[in-house]
Amino acid sequence: MNSKVLGSVLLSSAAAIWGGTFVAVKEVVGLIHPLQLVWLRYLVALIFLIGFALLKREKWHVQVKDYKWFALIGLTGYAVSIVMQETGTWFSSAQTGAVVTGSTPTFMALFAWLLFKEKLNRVKVFALILATLGVVMIVGIHLAGKHILVGVLLLILAALTWSLMSVLIKKVPDYSALQITIISTIIAMVCLTPFALSTPDAFAGVNFLNLKVLTCLIYVGAISTAFAFVMWNAGLTLISTSTSGLFYLLQPVVGTLLGWLLLGENLTPGFVVGSALILGSVFVSVRYAA
């Protein structure tokens, strides 16, 4: 399969799965604190990731010189970004989370330009503008709520750190997507453990037998983290950074649909137009700029 096609499939699949994450998080974030939720998410993910690595008989060859890149990837994208995303969603809504983190492709393009000198040609800029308009058309700008400003600021920070992480993955090209995901997840867990377990009763109020809680943890841990993170990391190695960021915007398409179907959130009249703009931006960028 052509590398562009394979990369597009991997990135699209990961983004679609993450679109459902906003809904899953919104469903249980009132039952589990965002910080504890992220920690549990990674615990579940590691169980699946390590199990898969053992079945696959993954060969490890981590070099000391690359530790600094893994530390940065794990800290920025896997620790700070995910905590900010889930906390920001808690303070706002699933749709607000989708639209604000829609700034990710722009940040990725800027970081790629600054760190790797990837050119921001007219096609890429045009695609970014199309994609941004598409996100706004789909979700709109919802600024109602007591803590909405805090939520938006946290979501912007989530987009910034995730974008930086996605660019930094280019610094470790000799590792498989599975290895990058496992190492970065372990680093994130190490960083988050002191905070997640800061009190003896950190998980005392969580009913792990509750079907909603159990389903959410399996989705955000096994599917949204273990499965989707590996696909995203693999896709990033096949398509340029500035172009791959556009696939991230398939999240609001899925997130808005699921928010409407499962949470009763409003579906704006611009959904079809916005979806077409996002898909068009991805096509233009992959076809003419990647």
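The set of residues in segment 211-261 being farther than 27 Å from Ile50 by Cα, of a type in the set (Val, Ile, Thr) and in contact with a Ser or Thr (Cβ under 6 Å, 6 or more places away or on another chain) consists of Thr243, Val253.
Taking the stated definitions as given, is Tyr42 surrounded by 20 or more Cβ atoms within 10 Å (Cβ to Cβ) and in a helix (DSSP H, G or I)? Considered against the rule, which asks whether it is surrounded by 20 or more Cβ atoms within 10 Å (Cβ to Cβ) and in a helix (DSSP H, G or I), Tyr42 comes out as yes.
For Gly264, which of the numbered conditions (1) touching a residue at least 12 places away in the same chain (Cβ under 8 Å); (2) more than 20 Å from Pro173 (Cα to Cα) fails to hold? Unmet for Gly264, out of (1) touching a residue at least 12 places away in the same chain (Cβ under 8 Å); (2) more than 20 Å from Pro173 (Cα to Cα): (1).
Please specify each residue of segment 1-41 satisfying the condition of being in contact with a Lys or Arg (Cβ under 8 Å, 6 or more places away or on another chain) and more than 22 Å from Leu249 (Cα to Cα). It would help to see each step written out before you state the result.
Looking only at segment 1-41, we keep the residues that are in contact with a Lys or Arg (Cβ under 8 Å, 6 or more places away or on another chain), and these are 27-28, 31.
The answer is Val28, Leu31.
A single entry from Gly88, Gly97 fulfils the requirement of being under 26 Å from Gly30 (Cα atoms), modelled with pLDDT under 75 and small (Gly, Ala, Ser): Gly97.
Picking from residues in segment 1-34 that are aliphatic (A, V, I, L, M) and outside any helix (DSSP H, G or I), the one that is modelled with the highest pLDDT is Ile32. Can you pull out the residues in segment 42-67 that are of a type outside the set (A, V, I, L, M) and at pLDDT 90 or above? Hits for segment 42-67 are Tyr42, Phe48, Gly51, Phe52.
Report whether or not Leu110 is of a type in the set (A, V, I, L, M), at pLDDT 75 or above and more than 21 Å from Ala24 (Cβ to Cβ). Yes: the conditions hold for Leu110.
Restricting to segment 45-63, name every residue that is closer than 30 Å to Thr104 by Cα and in a helix (DSSP H, G or I). Within segment 45-63, Ala45, Leu46, Ile47, Phe48, Leu49, Ile50, Phe52, Ala53 qualify.
Does Leu54 qualify as being aliphatic (A, V, I, L, M) and surrounded by 13 or more Cβ atoms within 10 Å (Cβ to Cβ)?
Values: aliphatic (A, V, I, L, M): yes; surrounded by 13 or more Cβ atoms within 10 Å (Cβ to Cβ): no.
Against the criterion (aliphatic (A, V, I, L, M) and surrounded by 13 or more Cβ atoms within 10 Å (Cβ to Cβ)), Leu54 does not qualify.
Table: residues versus (1) over 26 Å from Trp90 (Cβ atoms); (2) aromatic (Phe, Trp, Tyr); (3) buried (at least 20 other Cβ atoms within 10 Å of the Cβ).
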| site | (1), (2), (3) |
| --- | --- |
| Gly7 | yes, no, yes |
| Leu10 | yes, no, yes |
| Ala14 | no, no, yes |
| Val23 | no, no, yes |
| Glu27 | no, no, no |
| Leu31 | no, no, no |
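Is it the case that some residue within segment 209-229 is touching a Pro at 6+ places or on another chain (Cβ under 9 Å), buried (at least 22 other Cβ atoms within 10 Å of the Cβ), polar (S, T, N, Q) and at pLDDT 75 or above? Don't jump to the end; show me each part of the working.
First, pick out the residues of segment 209-229 that are touching a Pro at 6+ places or on another chain (Cβ under 9 Å): none.
No, every residue in segment 209-229 fails to be touching a Pro at 6+ places or on another chain (Cβ under 9 Å), buried (at least 22 other Cβ atoms within 10 Å of the Cβ), polar (S, T, N, Q) and at pLDDT 75 or above.
For segment 219-241, a residue qualifies if it is outside any helix (DSSP H, G or I) and touching a Gly at 6+ places or on another chain (Cβ under 6 Å), and the qualifying residues are Leu238, Ile239.
The values are calculated or read from the model by the stated rules, or taken from the named source; none is laboratory data. This structure is a prediction, so every number in the text was calculated from the model and none was measured. FYI the Cβ positions are ideal-geometry reconstructions off the backbone, even for glycines, and counts take in every protein chain you see.
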